[in-house]
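Asks: Got a structure for you, questions after.
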Amino acid sequence: MDKKIKILKGDGIGPEIVDESIKVLNKISLKYNHNFELEELLFGGASIDYYGEPLTDEVVEKCKNSDAVLLGAIGGPKWDNIDKNIRPEKGLLKIRKELELFANIRPIRLYDELSKSSPLKEEIVNKKIDFVIIRELTGGVYFGNKETKIINEVETATDTMEYNYLEIDRIGKIAFEVAMKRNKKLASVDKANVLDTSKLWRKTMHMIKEKYSDVKYEDILVDNAAMQIIKRPYDFDVMVTENMFGDILSDEASIIAGSIGMMPSASIGNKKLGLYEPIHGSAPDIAGQNIANPIGTILSVAMMLRYSFDMDLEANNIEKAVEKVISDGYRTVDIYKEGDIKVSCSEMGDIINKYI
Ligand code: IPM
Ligand code: MG
């Protein structure tokens, strides 16, 4: 198959981890006889330095005209104090919005061999932890009106959280569909005891639920969800929630699985075009040292092959290779424990490639 993939390496460890993922794409294309046409584009701080903005319209257009986008990470201290309208994060929000990627799928999975890297107690991590957080990605407080002004001589800031029925309905339907393909359990996370957006969220989920009688559904308030994720992570199958709750809960959940460096994500919409990125950030403190964990990005490539290209076989091949490096004891520093084989970012990429 011929596929056009845009590569946005971004900042910090972004370039290093994406380089390892490019090796994987090349290996897959050779092994399965695909033609992946890769084009690298500037994004985040790197784009600010060159163009004065984190994501140019030209890059957006190129991404729109591709089959998938692979992204590293953005941001760093260098751009922390610039005008808030051109911060690297703005570029990330812009690309999600422009490509209409309203569903962010974040699988949380603890590999047996990594249970010692999890901060949770043995009796919890001994059970199988494997669930998916589906985060709404183009609405809510991230995209509502923002304003900072002086009211009665006091500096006052406002962020508006807004959701309409259609935005909730479409993410809800994706969540129920994902649950149907997994263990048919769905937890919808909201704050319906306080927020109007959450009341509408819950009402909408309950309407969709009528059509999915096979799915065991529960509503959980977000504060309680934060507790339950720690207390009984093995109980969850699919969790769906709005943008900011999903941002917070997915970081919390990722550490259960040992390291945020292991966690991939897929951002999808109604078309085949998707954006694939690890859920971690640009980690400027370890950038350029070749010690970052490339697995989150490599597993994001697997998600790309599965969701955007329907290449299940190839995706499984990558996931199996990752399982094998883990079971063979290879570890980047974030998941290293005594007795393991410590490897660099590029060594990790090479070994995964060898196993593909
Ligand atoms: C994420 C990140 C981003 C978000 C930041 C970098 C804007 O934390 O993808 O989870 O909040 O969505
Ligand atoms: Mg986040």
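The values are calculated or read from the model by the stated rules, or taken from the named source; none is laboratory data. On a predicted model such as this, the values are computed, not experimentally measured, just so you know. Note that each Cβ is placed from the backbone with ideal geometry, even for glycine, and that neighbours are counted across all protein chains shown.
Asks: Select from the range 226-250 the residues that are surrounded by 14 or more Cβ atoms within 10 Å (Cβ to Cβ) and either more than 16 Å from ligand 2 (Cβ to nearest atom) or outside any helix (DSSP H, G or I) (or both) and list them in ascending order.
Replies: Result: 228, 230, 233, 234, 235, 236, 237, 238, 239, 240, 241, 242.
Asks: Given the criterion within 16 Å of ligand 2 (Cβ to nearest atom) and either at pLDDT 95 or above or under 22 Å from residue 19 (Cβ atoms) (or both), identify the matching residue among 222, 215.
Replies: Being within 16 Å of ligand 2 (Cβ to nearest atom) and either at pLDDT 95 or above or under 22 Å from residue 19 (Cβ atoms) (or both) holds for just one of 222, 215, which is 222.
For every residue, the table says whether it meets (1) acidic (Asp, Glu); (2) without any contact (Cβ under 8 Å) to a residue 40 or more places away in the chain; (3) part of a strand (DSSP E or B).
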residue: 138; (1), (2), (3): no, no, no
residue: 149; (1), (2), (3): no, yes, yes
residue: 162; (1), (2), (3): yes, yes, no
residue: 178; (1), (2), (3): no, no, no
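Asks: Shifting gears a bit: Just the residues that are in contact with a Ser or Thr (Cβ under 6 Å, 6 or more places away or on another chain) and within 14 Å of ligand 2 (Cβ to nearest atom), please, taken from the range 251-276.
Replies: 260, 263, 264
Rundown of residues vs (1) at negative phi; (2) of a type in the set (Gly, Ala, Ser); (3) assigned by TED's automatic domain parsing to the domain that holds residue 140; (4) surrounded by fewer than 13 Cβ atoms within 10 Å (Cβ to Cβ), yes/no style:
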position	(1), (2), (3), (4)
157	yes, yes, yes, yes
168	yes, no, yes, no
176	yes, no, yes, no
180	yes, no, yes, no
195	yes, no, yes, no
205	yes, no, yes, no
210	yes, no, yes, yes
218	yes, no, yes, no
221	yes, no, yes, no
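Asks: Going residue by residue through the range 44-62, is there one that turns out to be within 16 Å of ligand 2 (Cβ to nearest atom) and surrounded by 19 or more Cβ atoms within 10 Å (Cβ to Cβ)?
Replies: yes
Asks: Tell me the residue from 121, 185 that is free of Cβ contacts under 8 Å to residues at least 60 places away in the same chain and exposed (fewer than 13 other Cβ atoms within 10 Å of the Cβ), please.
Replies: Of 121, 185, the one residue that is free of Cβ contacts under 8 Å to residues at least 60 places away in the same chain and exposed (fewer than 13 other Cβ atoms within 10 Å of the Cβ) is 121.
Asks: When you scan the range 107-136, how many residues do you find that are more than 16 Å from ligand 1 (Cβ to nearest atom) and either under 14 Å from the mean Cα position of the chain (by Cα) or in a loop (DSSP other than H, G, I, E, B) (or both)?
Replies: Selection size over the range 107-136: 12.
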